Amino acid sequence: MSGYRGYLVVSSRERDIRYIYDRVLRDARRILGAWPAEQKPISRLLREEKPLIRLVGGGTHLLDRGELEDMASRIPWFMHELVRLPIVIVYRRIAGSGVYRVEGDVWAARAVSVLLGGGYWEEKWELSYEEVSELIKRYKTLFFVTIRVEIQGLLEHEEL
């Protein structure tokens, strides 16, 4: 074995899996860079001249003043200190169908309930496509919609 240099022989399947894995990680980092690094109460944002939040990637996201005031007028005053913006909605596929879920605390779920015509005591965690569309159409800058991709099992039994 004098000519053996210890080269790792990688199959075509292993290369394909590594490519997919690297691509998913790269895209996930890009998406996470646009994720909110902070959320602020409605009451605080209303006091700011330019209501904005910091993003994980170091940038900022400006919230539309008109959207903010409209939302504040629809949500009971006592919730203004409790509801933090932006509200994040996560889409993921479960058993072949898409599910939208409010990510965050109980006050985010209650705010979504109120905005969709429910009561402030109700918690709206699961949303239909139509409900998400309605919220985004009215509050483009106050909601973040993202996806959750699970690659669990992709590298099972693989040493890459």
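Some observations on this one:
- Scanning the stretch 38-64 for residues that are under 23 Å from residue 81 (Cα atoms) and open to solvent by less than 50 Å² (accessible area, probe 1.4 Å) turns up 38, 40, 41, 42, 43, 45, 48, 51, 53, 55, 61, 63.
- When residue 4 is tested against (1) aromatic (Phe, Trp, Tyr); (2) open to solvent by 90 Å² or more (accessible area, probe 1.4 Å); (3) part of a helix (DSSP H, G or I); (4) at pLDDT below 80, just one condition goes unmet, and that condition is (3).
- Residue list for the stretch 103-134, restricted to those being open to solvent by 20 Å² or more (accessible area, probe 1.4 Å), of a type in the set (Gly, Ala, Ser) and not in a helix (DSSP H, G or I): 104, 117, 118, 128
- Residue match in the stretch 19-27 (condition: surrounded by 15 or more Cβ atoms within 10 Å (Cβ to Cβ) and over 19 Å from residue 142 (Cα atoms)): yes
- One residue stands out among those in the stretch 77-91 that are assigned to a strand (DSSP E or B) and open to solvent by 10 Å² or more (accessible area, probe 1.4 Å): the one that is farthest from residue 39 (Cα to Cα), which is 91.
- Only one of the numbered conditions (1) open to solvent by 80 Å² or more (accessible area, probe 1.4 Å); (2) in a helix (DSSP H, G or I); (3) modelled with pLDDT of 90 or more is not met by residue 32, and that is (3).
- In the stretch 8-26, the residues that are farther than 28 Å from residue 57 by Cβ reach residues that are at pLDDT below 80 and open to solvent by less than 70 Å² (accessible area, probe 1.4 Å) with C-beta atoms within less than 8 angstrom, at least six apart or across chains, in these pairs: 14/158.
- Only listed residue being within 16 Å of the chain's Cα centre (by Cα), at pLDDT 95 or above and at negative phi, chosen from 115, 135, 82: 135
The values are calculated or read from the model by the stated rules, or taken from the named source; none is laboratory data. Every value quoted in this text rests on a predicted model; they were computed, and no experiment measured them. Positions of Cβ are backbone-derived with ideal geometry, glycine not excepted, and every protein chain shown enters the neighbour counts. We work out accessible area using only protein heavy atoms, side chains counted, and drop any ligands, DNA or RNA first. Shrake-Rupley method; radii C 1.70, N 1.55, O 1.52, S 1.80 Å.
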